[in-house]
Structure formats: structure tokens, C-alpha cells
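The values are calculated or read from the model by the stated rules, or taken from the named source; none is laboratory data. On a predicted model such as this, the values are computed, not experimentally measured, just so you know. Every residue, glycine among them, receives a Cβ derived from its backbone with ideal geometry; neighbour counts consider all protein chains shown.
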Amino acid sequence: MANVADVLIIGSGPAGLFLSAVLAQQNLSVKGLSPVDPAAPWPNTYGIWADELETLGMSEFLEHRWRDAIAYMGEKKIPLKRDYGLIDREKLQGHWLQQGSQYGVSWHRGKAVAVTHSAKLSEVTDENGKTYLARLVVDTSGHNPALIRRMPALKPVAYQAAYGIVGRFSAPPVEPEQMVLMDYRDDFLPASEKQLPPTFLYAMDLGNDVYFVEETSLAHVPGLSMETLEQRLHRRLAHRGVRITETHHVERCLFPMNMPLPDLTQAVVGFGGSASMVHPATGYMQGAMLRRGPDLAQAIAQTLSDPSATPSEIAQAAWQQLWPEDRLRKHYLYAFGLENLMTFNTVEIQQFFTTFFGLERSQWAGFLADTSTLPEIVQAMLVLFGRTSNPVRWGLFSSVFSHGNLLRRTITA
């Protein structure tokens, strides 16, 4: 059937453009459905550890690279000794669009509102009643997906929130040519506000006297408001005698950290935020998306090679590749870590991260990127528990009782 695609991609953000390109390279016919132009500029910045892109052979897509990334925990300055980079959004987006076009990906404008499945095909209907046929539908439309069903929530959803500014300043907000991953100093806050949810500065020198500064809440229920973060950012800058002289771009980010996993029995597959691929304890997703996409595309192509495979059978193979048992177990362990982090006050979180970044680099880097095995994560957590402060140790110990269900799922997932 000429109008039937092998795969229909819902959504044209980074996850959608990337997966459509790698699927098409598997000699599959791929169509995309998006409510916005796939070439519309991506609104948010994407930071990533440089070695993650190097491993994938994608270093050319770094717009900036910093060799002296640091963190501040209280007055303690921690050299991270690991390169950090900022993705060139325009270049990467253009690359994936060009790749998709080269391999025959076609994009259609519309918002998916419904899907039905038969023995051979899935049919997606958009808001105007137009239908699209495919052997498999992959929803990449983000944290509030168009078609994906989720499992019941185990915990209230925690959100990472950030308010940032790209611009020029009366004085450098960070040291020239430097990238600050986390600045948890709270000396700019009056004593009455030090018990409020901790936030940190994420900042970088972009060159030519332009800086990016962003006040960030790692995770909180409910998510901190943009007004609170904006106010804290201005107060932090003012405390250091810095004011904004030019604003080139304002960034507002709010995304869930512990969204329930998708229903892994459904006949629509998710990828990216729709598949709950955000790291529950850190918020990172881009590296995992880039690593896992090719294997997912290969699993889909292999199952589609059977002309008798049903949409449900194709989806099950894809879900199994995306969320195998060991990855599910790690997900719940990370979620347990998130619950711990949200209970810490500023002093405790400073103590936690001081110990965390004092681990072997392979341990903390593997934890942040989700490249460590489950035994390696457990080993790192045990080392951290033994080295950290008594208040943090007590908080971690107490969580075994208050959030033990997440640990049980680590064992039984």
C-alpha cells in the first residue's frame, strides 16, 4: 500500500528528528506528523559532557567546549576535571533534517489525537480528521505525549525548573572561559529564606563577553515557579555586584523528573520524554537518547522484516529494547536517589555533592550519564554512604524506610 509507512513518528523535536533519521537509515519508509514545522528553532539549550559525544563520534556538534568545568558547594570550589559542552542546536537539527530528507523521510503538519490498531496496521487521526497509516507508530511528542499511556504514579511528580538569561553583564558573572555546573552557594539569601528549596546557578562563558546564567531547581514537588527562580537569579547576581546590561534570550524550563513509566504492553512506542527516558536523579536525557536510538531502530527494523508481524508485536520488540529488565531496575534505583535529594536542605545537598564529586570520576560520570551497570551504581552509592557527612548518611538511611518500595522494585522489576 503506497500510503502506508513502515513507521510514523509523532513529534519533531530532537527525539523525533533523530529517531526518524536512524530509522530511515535502516531502509524503512518513515513519515512524521508534527503540529509545528520540524525546522522551527529548538527553544532550549542542551548541555552535555563532551566525552559522551566523543564516544558517539559527534564532537562536531559541540558549539562550545569548556575544559575547566567546576562546581561550588558552599565556599568549596570543586574542579570536575571533565570537559563540558553545549550542543550546536541549529547544526544538529539541520543535520538530522538533511539525513531524514536524504533517506526519504516526509513530514506532515498536524496534531495527533487518536490511534487505532488492526491486525496489520495502526491508524493515527489528527485534529482535522486526516488519517495516517503505518505498521508502527512512535510517539516522540514529549512529557505530555499525544498517544502514550502511562503506568499509575507511585509518587507525586517532581519537576526540574530553571530560569536563564543569555546576554551581557556589567561584570563577568563567572570567571572568563569557565563553565559552572552547579553553584549551590546561598550567601545571597537572608537567613529567613535559607530553609526554602535549594537552587543552584548553572552558568557558562559563551565568548565575546556573552554569558549564559540559569537559576535551577534540581527537583521539587511542585516545581518551583519561574518568578521565584528569576528573583533568585537577580539577587544572586546583585550580591556579586553584577547586573544584566543586555538580554539576548530568556530560557524557561520545566520538565518532570520521575514521570511514571509508559505502559510497556501498548502498541504505540515512545521515545524521549514520552518514554520517561529522563534520568530521574539528574534530568539528563540527550546522551541516553543518542546512545539508545540506533539499537531501538535496529530492533524495530528487524521485527518489521516479518511481513506478518502485528503492530503490537513490533511494539513489544521495541519496548523490550528500550526498557529491558536491567534498565528498569536502574530506573527505580535512580528514582530512589531522587527522593533522597529532595529531602536535603542546602547544607546537606552541598555535603552530598561534595562527596559525590569526590568519588572516582568513572563512578560519578557513569551515574550522571546512566552508563554504569546496576552493580556499579550500588557500589558507588555504598562508597558515598561511607564517606559522606552524618546528616546525609542519616537521610539516606531513613529513605530506606520511607521510599523502600522503590528499592524493592530495583530487585523485582
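Any residue in the range 35-57 that is hydroxyl-bearing (Ser, Thr, Tyr), at pLDDT 95 or above and part of a helix (DSSP H, G or I)?
no
For the range 222-231, check the following and say yes or no: at least one residue is among the aliphatic types (A, V, I, L, M) and under 18 Å from VAL347 (Cβ atoms).
So far as the range 222-231 goes, no, none of its residues is among the aliphatic types (A, V, I, L, M) and under 18 Å from VAL347 (Cβ atoms).
Taking the condition of being surrounded by 14 or more Cβ atoms within 10 Å (Cβ to Cβ), more than 20 Å from the chain's Cα centre (by Cα) and not in a helix (DSSP H, G or I), how many residues in the range 358-378 meet it?
Residues in the range 358-378 being surrounded by 14 or more Cβ atoms within 10 Å (Cβ to Cβ), more than 20 Å from the chain's Cα centre (by Cα) and not in a helix (DSSP H, G or I): 2 in total.
From the list GLY129, GLY104, which residue is surrounded by fewer than 17 Cβ atoms within 10 Å (Cβ to Cβ), farther than 17 Å from SER29 by Cα and not polar (S, T, N, Q)?
On inspection, the qualifying residue turns out to be GLY129.
Restricting the range 135-179 to residues that are under 20 Å from GLU75 (Cα atoms) and crowded, with 23+ Cβ neighbours inside 10 Å, which is nearest to the chain's Cα centre (by Cα)?
MET179
What do you reckon, is ARG67 buried (at least 16 other Cβ atoms within 10 Å of the Cβ), charged (D, E, K, R) and modelled with pLDDT under 95? Before you say what the answer is, go through the steps one by one.
Numbers: buried (at least 16 other Cβ atoms within 10 Å of the Cβ): no; charged (D, E, K, R): yes; modelled with pLDDT under 95: yes.
The answer is no for ARG67.
Going through GLY57, GLY74 one at a time, which residue ends up being surrounded by fewer than 14 Cβ atoms within 10 Å (Cβ to Cβ), more than 13 Å from MET179 (Cβ to Cβ) and of a type in the set (Gly, Ala, Ser)?
GLY57
Would you tally the residues in the range 274-295 being of a type in the set (A, V, I, L, M) and either touching an Asp or Glu at 6+ places or on another chain (Cβ under 7 Å) or part of a helix (DSSP H, G or I) (or both)?
4
Output the number of the condition that ALA71 fails; it satisfies all remaining conditions of (1) in a helix (DSSP H, G or I); (2) not assigned by TED's automatic domain parsing to the domain that holds GLN298.
Only one criterion is unmet by ALA71, namely (1).
Go through (1) in a loop (DSSP other than H, G, I, E, B); (2) within 13 Å of GLY164 (Cα to Cα) one by one and return the number of the condition TYR202 breaks.
Looking at each condition in turn, TYR202 falls short on (1).
Being buried (at least 22 other Cβ atoms within 10 Å of the Cβ) and touching a residue at least 24 places away in the same chain (Cβ under 8 Å): is that true of LEU206 here?
no
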